[in-house]
Amino acid sequence: MTDIRYFIGFNRVSGIGPAKLQRLRDFFGALETAWRADAFELARAGLDKRALENLLRARQELNLDAEVEKARRACDVILTWDDPQYPRLLQEIPQPPPILYLKGAFETQDEWALAIVGTRHASAYGKEIARAFSMELARNKLTIVSGLARGIDAAAHIAALDAGGRTIAALGNGIDQIYPPEHAKLARMIAERGALVSDYPIGMKPDAANFPPRNRIISGLALGTLLVEGDEQSGAMITCEFALEQDREVFAVPGNIFRKESRGPNKLIRESRAKLITRVEDILEELNLTMIAEKRQARAIIPSNETEATLLKYISADPAHVDEIHQQSGLPIAQVTATLALMELKGMVTQTSGMNYTLAREATENYS
């Protein structure tokens, strides 16, 4: 498993995102090797001039041990690509964030989540819709994901908390920064009953350019995204675009045709890119979550340890060879084969011809 110092170090380098970091890891075999490589080798690995200069500068200026200590003081949990606790839904999106900083924590039940997004300039109608849907979904044991912004986001978070449910806020700044500042109390409540999450370095100030990229985390953490209100060119619409790219469901509430904040959802509905929603049951039925309590109970017995959890990330309905699972998981081959044998006995996986494994039918249903 990669030393967390190098995830944090690369996270501090402007111009090196998930794609470039994966390329470096593939080229050098380990992030530590990439961090220590000379300029010639880094250029061979595909770093452009700007990213290369930024990396060389960062290596001179950063004390990685001090950066790790600062990060641990600022948050409760730090997750990387290598952690079994890294959210399964988020790991499935294109170029998932290499590192996540959290206040609070993710829980298994957060795999049943819906994102609720919309404009900061919400109407009374929009806020009431966000409040009513969020509260009812939370009562149905769905985690509500949003972005802590004014308007629709805040209404959704507050309603989920009022219903006694869990909620997650993805931030467009460092985890130690709260924006807008008047949501500091709300942020504390979310951390106590869910999680604040950011992939931005500690100390990163709020900036307009940071918020569109973080929207991929909002949609990526959820089974689907509900757009309540938003103009055609808005952050909420960007979140919906990410959801569509991630092959997640998109829902929209129709709005007043005379309000610009209704243009986004009305457009998605008109183009058949979002499902028209008028009641919570529409969402539950579309996501096949009407039996969520039973599904959660079934999921609770799978997996039973971290090794099983890790292997399940690389097994699907499509056959995967044991060598492929071994390489992707990074676990010793003996541990992989032994664990797969036990998982087969439990009915979690099925061995097909040639040491290929698939999710067992029951497990596939549990993971749907």
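Taking other C-beta atoms within 10 Å as the exposure proxy, I217, I16, I202 rank I202, I16, I217 from fewest upward. If you run the Gaussian network model on the chain, springs between alpha carbon atoms under 10 Å, then out of K49, K103, K205 the most flexible one is K49.
Laboratory data are not the source of any read-out in this text; all were calculated from the coordinates shown. All figures in this text were calculated on a predicted structure; none of them were measured in a lab. As a convention, Cβ positions derive from the backbone with ideal geometry for all residues, glycine included, and neighbour counts pool all protein chains shown.
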